[in-house]
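For reference, the structure is listed below as structure tokens.
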Amino acid sequence: IESQVGPRFVTRTNLFYKTLTNFGDSGVIVNTPLYNRLSLNEQEAYGVETRVDLRPSRGGYGFNGFLSNTVQLAKLLGDRVVTGGLYEFAPLTIKSPDHDRRFSLQAGLGYKTKRDFWCLGEISLMTGLQDQRDFNLVGFHPARTPVVTLIGLNGGYTLPKDKKSGRLMPSSVDVRVQNLLNQRVPLNLGSPFQGTRYQLPLRVLAGVNWQV
């Protein structure tokens, strides 16, 4: 469901359903290679997203951004068997080993100049996943890990088509700063599927894009 509010605002409501088959996690950060590769054969997720987009001007320049709120529920299907590493379960007795529902709020605001330079700041707030540490070992604990906050800053330059002198010249270059707050909060604690994982620290990535 989409509606236009003025010349530059668009509101959108999306109902979604998706399934994943034969998916897993390889190269788990902070965990040893003993945990690779963990896989499940099927999962489904469904939810609703409400989104507001601020579109740039007709010339493609100026401010742009978005605000998105999502509620998602997920559960396991299939045989619920986890294969690989130390976490070998056959089958899992619960439908949602990592999470049953997640609320997320995302917002971004950017600007593109008439000289084709652009920047975009983003923030994401997501409820934590279920904390499945053993009560007998650690005592009482909250039902979920802390809320995850991600702040990023992106910027780059898009090369106009009339300035490209050959196929080897890139179409755009960009620099991305992820986890600007350098948070080290847990993403999963004692998950039977992914073990214990932590958010990656601040990192800077550079990218080059070609169009063929």
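Taken together, the values in this text are just the output of simple stated rules run on the coordinates, not laboratory data. As the structure is a prediction and not an experimental result, all values here were calculated from the model. FYI the Cβ positions are ideal-geometry reconstructions off the backbone, even for glycines, and counts take in every protein chain you see.
One table, with the values for the structure above:
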{"read-out": "Cα gyration tensor category, rounded, prolate or oblate, for segment 143-212 with a/c compared to 1.5", "value": "prolate"}
{"read-out": "Those chymotrypsin sites (Phe, Trp or Tyr not before Pro) in segment 98-193 that DSSP places in a loop and that have at most 15 other beta carbons within 10 Å", "value": "140"}
{"read-out": "Amide hydrogen neighbours beyond the local backbone of residue 199, cut-off 5 Å, H modeled", "value": "185, 187"}
{"read-out": "Inter-part distance where segment 114-152 and segment 157-212 are each reduced to a Cα centre, Å", "value": "18"}
{"read-out": "Partners for residue 75 among lysines (Cα-Cα distance below 20 Å; same-chain residues under 8 apart left out)", "value": "18, 95"}
{"read-out": "Computed label-point distance, nm, for sites residue 8 and residue 177 using a 7 Å Cα→Cβ extension", "value": "2.5"}
{"read-out": "Taking segment 103-201 and dividing mean pair separation by its residue count, relative contact order in percent (alpha carbons under 8 Å, at least six apart)", "value": "25"}
